[in-house]
Amino acid sequence: MSKRPFRFCVGASSGGHMTELAALLAHRSLWPLQPSLFVSSLALGSNSILPGVPSRVIGECDRNQPARAIATLFRSLAVAWRERPDLVVTTGSLPLAIFSLVCRLFGARIVWIDSISQIDRISVSGRLVKPFAYRFFVQWPELAERYPGTIYAGELA
C-alpha cells in the first residue's frame, strides 16, 4: 500500500488577506514544498495566483453573520474531508479561521500569518486560531513581544 502524498494548502480571504498571501507566494520557488491546494473565501480563480493548483471556495462571512459562518463551516468540512490537507498556511480572516480549525480536527498543522493591519493586537480570528496553530506569525515586532507564542519574522511586502 502506498503512502498518500503530503497535502499542502494555502488560503486567504479576498482583499488585503489575499494581497498578503500573493506576496508570500511570490517567493514560493524558494520553498522546499509547493502548495497542492488553494482555498479562498470567494471564487478568485487560482490560475492567476497558483496556475495548475486546484482551488476551493468556502464562502465569505464575518462575526456579525452567524448564518453565513455556519454555511462556511459546512463548506469547510466538505473541503477538509475531501482534500485532507496536512498543512494549512493562511493569512486569515474568519472564513480561513473556520477552515483552519476544521482541518486541525483532521490532523493538519496550521500556520497562521496575522495581517499587517493588526498593529496593536492580534486579530479576533487569530485569537481563535492561536491555541491550535503550529506556528503563529505577526508582522509587528511589538506584537511578538506582547503575545507569547507568536513569531515575528518580518512583514509581507
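A short reminder: the numbers here are calculations on the coordinates, not readings from a lab. It should be emphasised that the depicted structure is a prediction, and the values quoted were computed from it without experimental measurement. FYI the Cβ positions are ideal-geometry reconstructions off the backbone, even for glycines, and counts take in every protein chain you see.
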**Fill in**
Among LEU30, THR19, VAL102, the residue whose Cα sits farthest towards the positive end of the charge dipole of the chain, when +1 is placed on the Cβ of each Lys and Arg and -1 on the Cβ of each Asp and Glu, is VAL102
**Request:** At 7 Å along the Cα-to-beta-carbon direction for both SER14 and LEU105, put a label point, then send me their distance in nm to one decimal.
**Result:** 2.6 nm
**Prompt:** For region 5-14, in order, what is each residue's ³J(HN,Hα) by Karplus, 6.51 cos²θ - 1.76 cosθ + 1.60 with θ = phi - 60°, in whole Hz (x at glycine and Pro)?
**Reply:** x, 5, 9, 10, 10, 10, x, 6, 7, 6
**Complete:** Computed over region 63-152, the convex hull of the Cα set has an average projected area, in nm², of 5.5 nm²
**Message:** Give me the percent relative contact order of the chain, please, defined on Cα pairs under 8 angstrom at least 6 residues apart.
**Reply:** 20 percent
**Item:** Estimated FRET transfer efficiency when R0 is 35 angstrom, pair ARG28-GLU142 (beta carbons, to 0.05)
**Value:** 0.80
**Message:** Around PRO95, under 14 Å between beta carbons, what's the net of Lys plus Arg minus Asp minus Glu among the other residues?
**Reply:** +2
**Item:** Calculated Cα extents along the principal axes in Å (choose from (1) 47, 40, 31; (2) 50, 34, 30; (3) 51, 39, 33), label
**Value:** (1)
